[in-house]
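The values are calculated or read from the model by the stated rules, or taken from the named source; none is laboratory data. Only a predicted model underlies this, so the values are computations on that prediction, with no experimental measurement involved. Please note: Cβ atoms are built from the backbone with ideal geometry, for glycine as well, and neighbour counts cover all protein chains shown.
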């Protein structure tokens with residue numbers, strides 16, 4: 001499985017990319033947990049001044065993953 005959240009840091013800008021384009025970047029539990037880990041990690045980076053959140057593919061984020069929530 002590919003990483004569902006990609007993170008890069010360059011020139012004081014952290015970019016988090018929601019990486020489930022096949023699901024329109026719908027947020028599942030694994031993504032929520034990964035976002036929490038990334039945000040906690042980024043708090044420790046004194047050089048990061050901006051965090052940009054983007055979506056892979058054509059859609060930013062369709063919201064919560066309703067299929068997962070229904071299980």
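Which is more than 15 Å from the chain's Cα centre (by Cα) and free of Cβ contacts under 8 Å to residues at least 40 places away in the same chain, of 41, 3, 47?
Details: 41 fails: more than 15 Å from the chain's Cα centre (by Cα); 3 fails: more than 15 Å from the chain's Cα centre (by Cα).
One residue alone meets the criteria, 47.
How many of the residues making up the range 4-31 are touching a strand residue (DSSP E or B) at 6+ places or on another chain (Cβ under 9 Å) and loosely packed, with under 13 Cβ neighbours inside 10 Å?
Of the residues in that region, 2 qualify.
Within the range 50-61, track down each residue that is touching a residue at least 40 places away in the same chain (Cβ under 8 Å) and surrounded by 15 or more Cβ atoms within 10 Å (Cβ to Cβ). Please lay out each step first, then the result.
Going residue by residue through the range 50-61, those that are touching a residue at least 40 places away in the same chain (Cβ under 8 Å) are 56, 60-61.
Hits for the range 50-61 are 56, 61.
One residue is enough: does the range 23-36 have a residue meeting the conditions touching a helix residue (DSSP H, G or I) at 6+ places or on another chain (Cβ under 9 Å), farther than 21 Å from residue 69 by Cβ and at pLDDT 95 or above?
Checked the range 23-36: no residue is touching a helix residue (DSSP H, G or I) at 6+ places or on another chain (Cβ under 9 Å), farther than 21 Å from residue 69 by Cβ and at pLDDT 95 or above.
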